1. Which condition from (1) surrounded by 13 or more Cβ atoms within 10 Å (Cβ to Cβ); (2) of a type outside the set (F, W, Y); (3) modelled with pLDDT of 90 or more is the one that I597 breaks?
2. Across the range 294-308, what is the total count of residues that are in contact with a helix residue (DSSP H, G or I) (Cβ under 6 Å, 6 or more places away or on another chain) and touching a residue at least 60 places away in the same chain (Cβ under 8 Å)?
3. Consider A202 carefully, then state whether it is over 40 Å from the mean Cα position of the chain (by Cα), at pLDDT below 95 and in a helix (DSSP H, G or I).
4. Between F308, F292, F270, which is touching a Phe, Trp or Tyr at 6+ places or on another chain (Cβ under 8 Å) and under 24 Å from F129 (Cα atoms)?
5. May I ask you to say which residue of D327, D291 is farther than 28 Å from K359 by Cβ and either charged (D, E, K, R) or in contact (Cβ under 8 Å) with a residue 40 or more places away in the chain (or both)?
6. In the range 228-244, what residues are among the β-branched types (V, I, T) and buried (at least 19 other Cβ atoms within 10 Å of the Cβ)?
7. So which helices (runs of 4 or more DSSP H) are wholly in the range 371-449 and hold at least 1 residues that are over 27 Å from the mean Cα position of the chain (by Cα), farther than 22 Å from P477 by Cα and aliphatic (A, V, I, L, M)?
Amino acid sequence: MNGLTIPTVLALAFMVGCAARPNKLGGTAGTLAELRNVRPDVQDVKVEQGLDQAMLQYRRFLEDAPVNAMTPEAMRRLADLQLEKQFGIRTRNVKPREMPAPQPARVLAGAAGGTPNPSAALRESDQDFERRTTAEAGIVAGSNADASPADAVRGDPKGPLEAIALYDRLLNEYPGYEQRDKVLYQEARAYDELGRTEEAIATMERLIGENPHSEHFDEVQFRRGEYFFTRRRFHDAETAYSGIISLGTRSSYYELALYKLGWTLYKQEFYEEALQKYVALLDYKVSIGYDFDRTHDEDDDRRVADTFRVISLSFSNLGGPETIQEDFSKFGNRSYEDRIYSNLGEHYLSKLRYDDAAKTYKAFIALYPFHRAAPRFSMRVIETFTQGGFPKLVLESKREFASKYGLKSEYWRHFKPEQSPEVQAYLKTNLKDLATHYHAQYQDANEADEKLTNYREASRWYGAYLDSFPTEADSAPVNYRLADLLLENKDFGEAAKQYERTAYGYAPHPQSAAAGYAAIFAYREQLKLAGKEQQDAVKRDTVASSLKFADAFPQDEHAAAVLGAAADDMYEMKNYKAAVEADQRVIDKYPGADAAIR
């Protein structure tokens, strides 16, 4: 071991004896009498001979040098080195051992990005989750982070036992030693590494009793808390964890102590009190700049995810989403409430409690209708009922989504639609699903009693799609279906207008010509039903649509017939000049047309 340091006065002590005896550090040693006159020097020097050599020198000092102010320090350091040799123990920079991560979750069907997040760790059962997160968290020493206690115990326990004896002797013979807390701390760890847990805990009790301001106070309290928790002595564990929290955020154990204190209260079925600790933990994370939307250190992200999950368990035990609102009305609103509702909903969904899951999502929407995450909660309601196999509830939920988040709705006065492409995409699909559903219902002979209602609903949702997405690539096909619906319902005039819009209101598309021809057909069907006073107006619309079709689609197979029929209409209307021009176009452009058309 390189870089080990000891005080200069001890290095001198290693050289006692014959004045001519070589000093392993160079030079010669003085006599014991001379040593008595040496003023203790606490400056450190480097010793490169290694750990065993250092231990040997400490022993020689204790054996050869008279008792002086450095004796207890030499005893402590020798004992520390014996522990370090056996266990690799360091006395600084220890940290709690994090729990292992659960298996990655299976993403539920229909999962949407953002909040809610159905990929929470729901593959892990509640029982496994509780076992993992409440397991005793060991303390990882800086130089021995990869070694297990079992590996250490396999070695010769003689060194650690000698160290414990040295610690006991030091404590007994030097009751005023100013670093007693360090001695007790190391002795407790020695007992712990040897598996003598009860003696370790007794030593820890002595440490916090004698030295409540020790630098090791929080770590020792955490060890005590873990000891009591795993033995279901929850009241004692609560006291130990609370002792750490009383130190505030300056303790490196503060965050984990809050988490374990929450579990301690949870295990006693004090769910409200447990929730207060979990909320305090999340508040602390927010206060130090933790962003729930970003990826952080694996241990950090795991503990946050575990915290949200145990919060879900707590609220589930308290009664569900209603209690969330009640509690936050007492705690005050939080920026991460959406995640609390989301995780509770996913908790219920993992239990196949579809109604409770949907109620949870709806509760958030009702409370925060203009929250950025509200549409995703509404999407999750639809997905929940779809997964559960409730078609009527799926339909109702889709109608509600389309009403709340259509692009002309109140919601979009608070946000820019282009900033939520996933919501827009879902809305498009949703509107088309609704229109198609009601159109099919309208055509179903078994639904004859609801024919008018289904017609109105189909018209509504086709129209809502075209209002929200007038220039999308699939707007023209949707417009075509709306026109077909109107034609089927014998609303010929409006059908003709929608066919014309489909034919000429969009960039050229595969259905343009067919829509243009369908518009003429619809006008001619309207002409059959029009009263005498309406005949001329309908006929003019028919001729105008026919001429527009012939201009736009001169190569279409119907172009000659459409133009010829328009010429006939104009003769009847005594518009002879226009009729002759139309006939001439037929002759010139379509010489191969049927004689009847020409």
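1. Here I597 meets the rest and fails (3).
2. Initial filter on the range 294-308 (in contact with a helix residue (DSSP H, G or I) (Cβ under 6 Å, 6 or more places away or on another chain)): 306-308.
Next, from what is left, pick out any that are touching a residue at least 60 places away in the same chain (Cβ under 8 Å): 306, 308.
So the count comes out to 2.
3. Working: over 40 Å from the mean Cα position of the chain (by Cα): yes; at pLDDT below 95: no; in a helix (DSSP H, G or I): yes.
No.
4. Every option except F292 fails the conditions.
5. D291
6. I244
7. Answer list for the range 371-449: 391-405.
For (1) at pLDDT below 95; (2) within 46 Å of the chain's Cα centre (by Cα); (3) of a type in the set (F, W, Y); (4) assigned by TED's automatic domain parsing to the domain that holds K539, each residue gets a yes or a no:
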position	(1), (2), (3), (4)
A458	no, yes, no, no
W461	no, yes, yes, no
L466	no, yes, no, no
P477	no, yes, no, no
Q498	no, yes, no, yes
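The values are calculated or read from the model by the stated rules, or taken from the named source; none is laboratory data. A quick note: this is a predicted structure, and the numbers were derived from the prediction, not measured. For neighbour counting, all protein chains shown are included, and Cβ atoms are generated from backbone atoms with ideal geometry for every residue, glycine included.
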